[in-house]
Amino acid sequence: MPDLLVSLYNDRLSDLEKKTRSVDAIIRPVLAPEMQLVVEWVRDNFSANWASEASVAITRQPSACLIAVSEGKLVGFACYDTTARGFFGPTGVHTDSRGKGIGAALLSASLQAMKSTGYAYAIIGDAGPVDFYADAVGAITIPAPDKGIYEGMLRAKRS
């Protein structure tokens, strides 16, 4: 999967923010006392590697991990500035909550937070749904011949 580049000063980002305002979830940063719960949820629903990244993001000040809460339940998360500065991800939405715009809302809120921190561009590392990111925020593939920062990364086995 390629790395993608997103301009944080393009019209698509503004359009996405407007479009996701009506999503039926609260998007907010993780609070310190929620760290263990969120990290375990990410591990249980996604992977140990993503849980490690969420842990790093939560400990940043301010927190660089946002969560989506719907009806008092954690339904999604998104991180930035974890693997490297200027990187967006990992991000995920629980299978029961997909297709409701929550992932787009998390993406929008994260990229807006990065923009307000001073970034002009964001990198989406090892992007899975390339077409989603291209359509949502105008992300383009970074033409690199290898896996970049993820080359040789140790990965936990799923049990």
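The values are calculated or read from the model by the stated rules, or taken from the named source; none is laboratory data. As the structure is a computational prediction, the values presented were derived from the model and not from experiment. When the accessible area is computed, the model is the full protein with side chains, heavy atoms only, and any ligands, DNA or RNA have been set aside. Shrake-Rupley method; radii C 1.70, N 1.55, O 1.52, S 1.80 Å.
The phi-based Karplus calculation (6.51 cos²θ - 1.76 cosθ + 1.60; θ = phi - 60°) puts the 3J(HN,Hα) values of the range 118-123 at x, 6, 9, 9, 10, 10 Hz, whole numbers, x for Gly and Pro.
Annotation: per residue accessible area for the range 70-159 equals 54 Å², rounded to a whole number [probe 1.4 Å, protein chains only]. Given the whole protein assembly as supplied and a 1.4 Å probe, what does the accessible area of Trp50 come to in Å², nearest 10? Trp50 exposes around 80 Å² with every protein chain in place. Exposure check, 1.4 Å probe, all protein chains in place: Arg12 carries approximately 110 Å² of accessible surface. The alpha carbon centroids of the range 104-152 and the range 79-101 are separated by 10 Å.
How big is the range 1-78 by the Kirkwood estimate over distinct Cα pairs, in Å? Please list the in-between numbers first.
Values: mean 1/r = 0.0718 Å⁻¹.
It is 13.9 Å.
Where the accessible area of the chain is counted over protein heavy atoms with a 1.4 Å probe, how much of it, in %, is carbon and sulfur? Please report the intermediate quantities before stating the final value.
Details: 4710 of 8810 Å².
It is 53 percent, rounded to a whole number.
Note: the range 65-159, Cα convex hull, 128 Å³ per residue. For the residues Leu31, Leu107, Leu66, a GNM of the chain with alpha-carbon springs under 10 Å puts the largest fluctuation on Leu31.
Looking at this model, which pairs from Lys115/Lys157; Lys73/Lys100; Lys73/Lys157 are more than 25 angstrom apart at the alpha-carbon?
Lys115/Lys157; Lys73/Lys157
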